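Encoded as structure tokens, the structure appears first; notes follow it.
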Amino acid sequence: MSAVDGLAVVIFLGLAAYTVLGGADFGAGLWDLSRNRAQRDLVVRAMAPVWEANHVWLIFVVITLFTGFPGAFGVLSRALVAPVSVALLGIVLRGAAFVFRQYGAPDGGPPVRGTALWGRVFAISSLLTPFAFGTAAGALASGTLHPDGSAGLWRPYLAPLPLLAGVLAVVCCGYLAAVYLSRDAERMGSPELVGRFRRRALATGVLAGGLALAALPLLPPELGGQLLGVGLPAVLASAVSGVLGLVLLWRRRHALARVAAAGAPAGLLAGWALGLYPWVLPGRVLLAESAAPPVIAGPVLVVLLAGLAIVAPCYVFMLRALRTQPDQP
């Protein structure tokens, strides 16, 4: 494996981590729209220790793309202006709204004026961001984007495949959040919340599977052929993980369901990446042609792996330390 291949793997691993971990944070916004106070409190309690930490994976992806594949970075920056701008706006609004809402009702006291509004901003922006990322992925898969951005600012993302991909991304995030929160509720000893999130996880899991199947006829023939070829193991892994996650949820094995649930969107992402490979923009820009020369790619890979070796254990320790007892303030 060359250094360029290693950088591509790092990008995929970063995207997978952001999908599985950051996606659950975004999905929590869907369940924060509830009027049930206990449900909203659990969302806040589960997210508070790590609510912005998962963006570290997105930062790894951007840095690796910028340094390892400068040509691809430039092409995608022009072609994906609209969805990336919307996603970044959603990330900023989501982070600011979460903080303002929390300080609007300190120490469990009565909320000040405007706190409820910030809660809605948090929830809506949490859904807007994965939708924008999903439409970007769908537009890339459709093959309608141009390297110079001349396909249009919004038009490529209003086609059926990008819109369906955006909805699928939101539903997957909601599914992951519901599965993770059902486990947190179980550890808190709240059967009512366990039941609420278990039902929501089952519903969104089935819906996500249906949307994924509905997207298959919309794929271009070339991408469909890739999925049935090199991408087939990833697609099968996603399907098996999704079904297994639903079975474990049905049997109330919430701890194991979290692992299986994470595999479903990760496998879907892997199938998408393998379907696109070796292209950045199908039929127009090759990944290898947009890569940095080996004299740059090699040192960059070493630095990134060293950084991951430091960040990943720290992230795991942070999760274990801050979320060991979710029922404690």
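Considering the range 125-167, the residues that are polar (S, T, N, Q) and within 18 Å of Ala273 (Cβ to Cβ) include one that is modelled with the lowest pLDDT, namely Ser142. Restricting the range 44-67 to residues that are part of a helix (DSSP H, G or I) and at pLDDT below 85, which is surrounded by the most Cβ atoms within 10 Å (Cβ to Cβ)? This residue is Met47. Every condition in (1) out of contact with any Gly (no Cβ under 9 Å at 6 or more places or on another chain); (2) in contact (Cβ under 8 Å) with a residue 40 or more places away in the chain holds for Arg155 except the one numbered (2). With respect to the conditions (1) open to solvent by 40 Å² or more (accessible area, probe 1.4 Å); (2) at pLDDT 95 or above, Pro221 falls short on a single one, namely (2).
So if I check each of Arg258, Arg252, which one is more than 24 Å from Ile59 (Cβ to Cβ), in contact (Cβ under 8 Å) with a residue 40 or more places away in the chain and not in a loop (DSSP other than H, G, I, E, B)? Unique residue meeting the criteria: Arg258. Applying the condition of being within 14 Å of the chain's Cα centre (by Cα) and free of Cβ contacts under 8 Å to residues at least 12 places away in the same chain to the range 47-99 and asking which residue is farthest from Leu153 (Cα to Cα) yields Ile59.
Looking only at the range 212-271, residues that are closer than 17 Å to Leu202 by Cβ, of a type outside the set (A, V, I, L, M) and more than 21 Å from the chain's Cα centre (by Cα) come to 4 in all.
Taking Leu322, is it surrounded by 10 or more Cβ atoms within 10 Å (Cβ to Cβ), touching a Pro at 6+ places or on another chain (Cβ under 9 Å) and at pLDDT below 90? Considered against the rule, which asks whether it is surrounded by 10 or more Cβ atoms within 10 Å (Cβ to Cβ), touching a Pro at 6+ places or on another chain (Cβ under 9 Å) and at pLDDT below 90, Leu322 comes out as yes. Per the listing Leu202, Leu281, the residue uniquely touching a residue at least 40 places away in the same chain (Cβ under 8 Å), touching a Pro at 6+ places or on another chain (Cβ under 8 Å), surrounded by 14 or more Cβ atoms within 10 Å (Cβ to Cβ) and not polar (S, T, N, Q) is Leu281.
Scanning the range 72-104 for residues that are among the small types (Gly, Ala, Ser) and open to solvent by less than 30 Å² (accessible area, probe 1.4 Å) returns Ala72, Gly74, Ala79, Ala82, Ala87, Gly90, Gly95, Ala97, Gly104. Against the list (1) of a type in the set (S, T, N, Q); (2) more than 24 Å from Gly166 (Cβ to Cβ); (3) surrounded by fewer than 17 Cβ atoms within 10 Å (Cβ to Cβ), the condition Ser34 fails is (2).
The values are calculated or read from the model by the stated rules, or taken from the named source; none is laboratory data. Here the structure is a predicted model, which means the values were calculated and not measured. Ideal geometry is used to build each Cβ from the backbone, glycine not excepted, and the neighbour counts take in all protein chains shown. Surface areas here come from the heavy atoms of the whole protein model, side chains and all, with no ligands, DNA or RNA. Shrake-Rupley method; radii C 1.70, N 1.55, O 1.52, S 1.80 Å.
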